[in-house]
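Novice: One structure follows; several queries about it will come next.
The values are calculated or read from the model by the stated rules, or taken from the named source; none is laboratory data. From a predicted model like this one, the values you see are computed outputs, not experimental measurements. Ideal geometry is used to build each Cβ from the backbone, glycine not excepted, and the neighbour counts take in all protein chains shown. Side chains included, ligands, DNA and RNA excluded: accessible areas come from the protein's heavy atoms. Shrake-Rupley method; radii C 1.70, N 1.55, O 1.52, S 1.80 Å.
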Amino acid sequence: MIHYWRDYQKEIAEDEFFYVRSCIRQNFFPGAENLFIDILRNKLGKKVFEDADHTTCTGIGYHSDIVPIETTMTVIARQFALMKERGYRNLVISCVTSFGLYSEILDLWKHDPALKTKIEGYLSEATGRSFDEPANMVHASDILYKFRYEIAEQAVNRLVNNETGLPLRVVDHIGCHYAKTFPERGIGGSEFPQVLTGLIKAWGGETVDYPERRHCCGFGFRQYILQSSRGYSISHSRTKLESMMPYEPDLIVANCPGCAMFLDRWQYTLEETDGSVYGPGRTKIPVVTHEELAGLVLGYDPWEIGLQTHQVPVEGLLDKIGIRYDPEKKYADRQGKLIGDTVAVTAIV
Amino acid sequence: MMPREKPYIKSNRQEIPAFAGMTSDAQPVTGNRQPVTVRVAVVGGGPAGMAAVGALAAMHIGVDWYEKEDRVGGKLNNYHQLFPDRVPASEAFGQLVKGTYHNHIDRHLGKAITSVGVNAGRISLNGKDHKIGEADAVILATGFDFFDARHKEEFGYGIYKHVITSADLETVFADGDKLLNVNGSAPASVAFVHCVGSRDEQVGVSYCSRLCCITGIKQAIQIRREYRETRVYNFYIDMRAFGRGYEELYREAQENHGVRFIRGRVSEASEDEQGRIRVKAEDTLMSRPIKLTVDWLVLLIGMSPSCSAVLSGKGEREKSFTNAENPLTGSAVKGQPGVFLAGCCAGPMSIPESVASGRSAAVQAAEYLNKKNGNSE
Amino acid sequence: MKTKFGFDIHDNRQIDLDLEDTRFADEVAVVVKSWKACMKCGACVGTCPVGKGVLNLTGINYQPALTTCLMCGKCLLVCPRGINTRHLILEVMNKYREYGKAV
């Protein structure tokens with residue numbers, strides 16, 4: 001059976017989601033996941049459950065050859081068990097690495113049922129739990145894609161330049177493990193992925209189709225984990241940024257927490273290293289996640305959803321869209337007390 | 001081939017020559033009107049079908065000739081020049097079609113046969129929902145379909161305007177159109193990608209389509225002849241120049257036309273900010289990745305089967321080339337007495353091979369009928 | 001570099017064919033036209049007694065190893081495309097001298 005990109009569509013559940021968080025996303029984009037849950041519950045009226053007992057999927061350890069695959073499978077089987085115990089069947093995964101890993105494990109079990117039986121034994125032995133495979137398993141960006149028009153109906157802001165009235169030029173970056181291993185599990189497949197393009201178009205922007213669009217962000221677990229190998233990682237990010245530069249993009253949106261982090265943080269590192277900046281007029285290009293993009297469209301306060309934790313300042317983007325914000329409150333905590341400013345974070349070695 | 005608009009190509013399409021669109025009274029009919037006792041159906045009006053009907057008629061066998069389009073010639077009608085001698089396709093068509101103006105041949109244009117049935121020595125030919133005809137034997141010459149290049153998503157066919165297929169390029173040449181760059185001037189560079197839809201497990205194609213290498217060589221030369229300053233690159237996995245004069249044409253392309261052959265498969269194509277096509281590949285002889293920007297990327301598409309659907313009534317997805325019972329020595333189909341294969345429905349073939357295959361099937365059908373009617377010596 | 005992070009940014013090994021300069025190779029081809037027929041089979045390098053890969057026809061250019069050529073002509077015997085490899089080596093060195101660089 002051969003497909004081409006329009007054939008890659010997937011079933012996305014309507015309601016009743018069991019949500020699993022991402023290690024990287026909750027650390028580097030601390031507002032994003034609460035924002036996602038809030039949009040689902042309060043803007044779209046969906047039922048979302050988050051289990052306090054949920055753990056990492058071990059993705060970083062697994063991809064760095066630290067955690068053996070049987071351990072990873074058992075940990076993931078435990079997440080399935082938590083979902084079963086709470087009476088949910090539709091799994092929503094925040095992290096693209098996790099999504100890829102969950103998909104890979106289900107595929108391995110499908111081809112080797114004895115392996116699944118073995119893991120069932122391990123889980124039962126270690127925790128006394130049992131699990132069912134999810135009825136529907138999607139990435140969080142798939143959910144936003146499914147409800148993109150509902151979000152557009154409630155939109156306070158559109159992805160349009162406030163002054164010129166032209167659509168914002170948005171670079172969409174899809175995490176490699178979203179569709180490259182299993183193109184049929186990604187909307188639009190892996191060559192012409194539609195999952196973020198769909199959001200961008202529905203909310204008024206336009207996608208930039210630049211030559212290195214499919215290039216890995218450079219995350220490459222075992223590359224960035226060792227300081228001496230980080231050069232490989234940043235070199236790939238540079239390839240991408242150089243390729244998108246002539247299009248003068250207004251922002252980058254990524255559905256993978258690692259990609260969003262690297263495309264954001266490495267812009268700072270590249271400027272510090274050799275003075276390169278890639279946005280129009282010697283600015284850096286703001287990077288947001290899919291949840292943050294939805295949050296901006298729906299009119300959330302930028303500082304409430306954590307945009308002050310980004311390395312590349314987002315104020316230029318907010319001004320372009322015409323979003324009001326209080327510069328004084330950028331680094332204020334809930335009591336209004338300043339918790340730091342940009343000057344304090346320049347000495348990173 | 002998917003229909004494509006060509007707003008970017010200046011059209012200069014000539015009127016179709018009179019002989020290209022054959023009607024039943026277009027040419028004087030030859031052959032004595034002798035009573036014929038047996039009738040053979042030939043399904044398909046391309047080179048193999050034309051060769052088969054001509055040979056059958058010459059043996060005084062009555063022929064019912066079915067073609068789904070309203071003219072015969074098949075894909076030959078859309079070709080410009082044929083490798084390796086650059087004979088105009090219209091000339092080859094003229095030679096083949098001459099033999100088909102014969103008293104024994106009844107032409108049924110616009111008739112698509114979708115299945116055949118074999119029952120007690122009689123063959124029934126069926127359309128989508130009704131029976132179209134009957135025969136004592138049938139030669140299937142249903143040819144091939146071009147591989148749908150959209151399935152090789154990484155090349156962006158159907159998405160990027162400047163990615164075309166070899167079939168598209170052939171119609172550009174045939175129509176006398178210009179292949180201009182985004183600024184309306186001669187292209188600075190053109191690249192050909194070999195093996196698109198051939199030898200590729202990603203799209204479920206295990207076989208080699210054989211003719212794409214030489215098509216790429218021929219078309220590369222054509223571009224160099226028309227645009228002397230254009231750099232032309234061919235990205236290949238293996239060069240398979242197997243036929244008469246093919247290797248010589250390969251060398252001519254290198255030595256006389258300066259066509260660059262790079263061993264390495266293009267892995268990805270994307271559009272740059274000017275609408276030109278950026279390709280990535282590895283030069284496997286230098287063991288280094290390369291990047292190249294071209295004005296046109298031409299995908300040398302392979303041949304996909306279009307015939308066994310007729311035989312078995314299977315759907316599109318299950319298509320495959322049909323195997324003869326003894327593929328080394330004959331073209332009879334196993335378990336279907338009276339059914340013979342000709343041309344590309346049995347596998348990728350060049351035009352001379354298709355013609356030979358069509359004539360061969362005609363002889364085998366005649367032998368079969370002789371034996372069946374007790375006339376064998 | 002302003003700040004040291006403990007790692008370097010690498011250029012990749014990609015060859016940018018858009019920037020390729022073929023003038024040298026084209027001029028050599030005017031004299032030894034047949035070299036363009038090279039299909040990179042490697043027979044010349046395989047048979048070379050010097051064993052340094054004297055001829056690298058993947059892209060004609062001057063390579064220092066050319067100076068070690070013994071002019072024995074073994075490569076001439078094995079080329080399936082009949083390229084005059086001896087002539088080619090001499091011409092590459094001549095052309096290089098013409099370009100004003102000592103060989």
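Conditions tested, residue by residue: (1) on the phi > 0 side of the Ramachandran plot; (2) surrounded by fewer than 20 Cβ atoms within 10 Å (Cβ to Cβ).
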position	(1), (2)
A:45	yes, yes
A:48	no, no
A:51	no, yes
A:55	no, yes
A:64	no, yes
A:70	no, yes
A:94	no, no
A:97	no, no
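Novice: Hey, can you tell me all the residues within the stretch A:276-292 that are aliphatic (A, V, I, L, M) and surrounded by fewer than 24 Cβ atoms within 10 Å (Cβ to Cβ)?
Specialist: A:277, A:285
Novice: Considering the stretch B:317-367 alone, what residues qualify as being farther than 19 Å from residue B:119 by Cα, among the small types (Gly, Ala, Ser), touching a strand residue (DSSP E or B) at 6+ places or on another chain (Cβ under 6 Å) and in contact (Cβ under 8 Å) with a residue 24 or more places away in the chain?
Specialist: Hits for the stretch B:317-367 are B:331, B:342, B:361.
Novice: Restricting to the stretch A:239-265, what's the tally of residues that are open to solvent by 10 Å² or more (accessible area, probe 1.4 Å), more than 15 Å from residue A:215 (Cα to Cα) and not hydroxyl-bearing (Ser, Thr, Tyr)?
Specialist: Here the count works out to 5.
Novice: Does residue A:320 count as closer than 16 Å to residue A:173 by Cβ, modelled with pLDDT of 95 or more and open to solvent by 20 Å² or more (accessible area, probe 1.4 Å)?
Specialist: no
Novice: Identify all residues within the stretch A:312-337 that are of a type in the set (Val, Ile, Thr) and over 17 Å from residue A:294 (Cα atoms); write none if there are none.
Specialist: Listed by number, the list holds a single entry, A:312.
Novice: On to the next question. If a residue has to be within 14 Å of chain B (Cβ to nearest Cβ), assigned to a loop (DSSP other than H, G, I, E, B) and surrounded by fewer than 14 Cβ atoms within 10 Å (Cβ to Cβ) to count, how many in the stretch A:1-42 make the cut?
Specialist: 1
Novice: Can you run down the residue pairs with Cβ atoms below 7 Å, 6 or more apart or on separate chains, where the first is in the stretch B:176-194 and farther than 16 Å from residue B:231 by Cβ and the partner is hydroxyl-bearing (Ser, Thr, Tyr)?
Specialist: Within 7 Å, the pairs are B:177/B:11; B:194/B:236.
Novice: Based on this model, can you work out whether residue C:24 counts as assigned to a loop (DSSP other than H, G, I, E, B) and open to solvent by less than 30 Å² (accessible area, probe 1.4 Å)?
Specialist: No, not satisfied.
Novice: When you look at residue A:301, is it at pLDDT 95 or above, in the same structural domain as residue A:162 (by TED's automatic domain parsing) and part of a loop (DSSP other than H, G, I, E, B), yes or no?
Specialist: The answer is yes for residue A:301.
Novice: If you check residue A:38 against the conditions, is it among the charged types (D, E, K, R) and within 23 Å of residue A:225 (Cα to Cα)?
Specialist: Judged against the criteria, residue A:38 is not a match.
Novice: Whether any residue in the stretch B:223-240 is over 24 Å from the mean Cα position of the chain (by Cα) and within 12 Å of chain C (Cβ to nearest Cβ) is what I want to check.
Specialist: yes
Novice: A follow-up question, please. Which helices (runs of 4 or more DSSP H) does the stretch A:100-159 wholly contain that include 1 or more residues that are aromatic (Phe, Trp, Tyr) and surrounded by 13 or more Cβ atoms within 10 Å (Cβ to Cβ)?
Specialist: Helices (runs of 4 or more DSSP H) meeting the threshold: A:113-127, A:140-146.
Novice: What number of residues within the stretch B:73-105 are within 25 Å of residue B:37 (Cβ to Cβ), in contact (Cβ under 8 Å) with a residue 60 or more places away in the chain and not β-branched (Val, Ile, Thr)?
Specialist: Qualifying residue count, the stretch B:73-105: 4.
Novice: State whether the residues of the stretch B:351-370 include one that is at pLDDT 95 or above, under 22 Å from residue B:193 (Cβ atoms) and more than 14 Å from chain C (Cβ to nearest Cβ).
Specialist: no
Novice: If you don't mind, there's one more thing I want to ask. If a residue has to be under 25 Å from residue B:143 (Cα atoms) and part of a helix (DSSP H, G or I) to count, how many in the stretch B:190-248 make the cut?
Specialist: 12
Novice: Which one of the conditions (1) more than 20 Å from residue A:248 (Cα to Cα); (2) at pLDDT 95 or above; (3) open to solvent by less than 30 Å² (accessible area, probe 1.4 Å); (4) not hydrophobic (A, V, I, L, M, F, W, C) does residue A:330 fail to meet, given that it meets all the rest?
Specialist: Exception for residue A:330: condition (2).
Novice: State the number of residues belonging to the stretch A:160-182 that are among the hydroxyl-bearing types (Ser, Thr, Tyr), touching a residue at least 40 places away in the same chain (Cβ under 8 Å) and more than 15 Å from residue A:141 (Cα to Cα).
Specialist: Counting residues in the stretch A:160-182 that are among the hydroxyl-bearing types (Ser, Thr, Tyr), touching a residue at least 40 places away in the same chain (Cβ under 8 Å) and more than 15 Å from residue A:141 (Cα to Cα) gives 1.
Novice: Here's a follow-up. Output the residues belonging to the stretch B:162-186 that are part of a helix (DSSP H, G or I) and in contact with an Asp or Glu (Cβ under 9 Å, 6 or more places away or on another chain).
Specialist: B:171, B:173 - these are the residues of the stretch B:162-186 that are part of a helix (DSSP H, G or I) and in contact with an Asp or Glu (Cβ under 9 Å, 6 or more places away or on another chain).
Novice: For the stretch A:245-252, state whether one or more residues are over 20 Å from residue A:165 (Cα atoms) and acidic (Asp, Glu).
Specialist: no
Novice: Return the residues of the stretch A:183-230 that are without any contact (Cβ under 8 Å) to a residue 24 or more places away in the chain, open to solvent by 30 Å² or more (accessible area, probe 1.4 Å), assigned to a helix (DSSP H, G or I) and within 14 Å of another protein chain (Cβ to nearest Cβ); say none if nothing qualifies.
Specialist: A:223, A:227, A:228, A:230
Novice: Another question about this same structure. Suppose we filter the stretch C:75-89 for residues that are away from chain B (no Cβ under 14 Å) and touching a Leu at 6+ places or on another chain (Cβ under 9 Å); how many remain?
Specialist: Result for the stretch C:75-89: 5.
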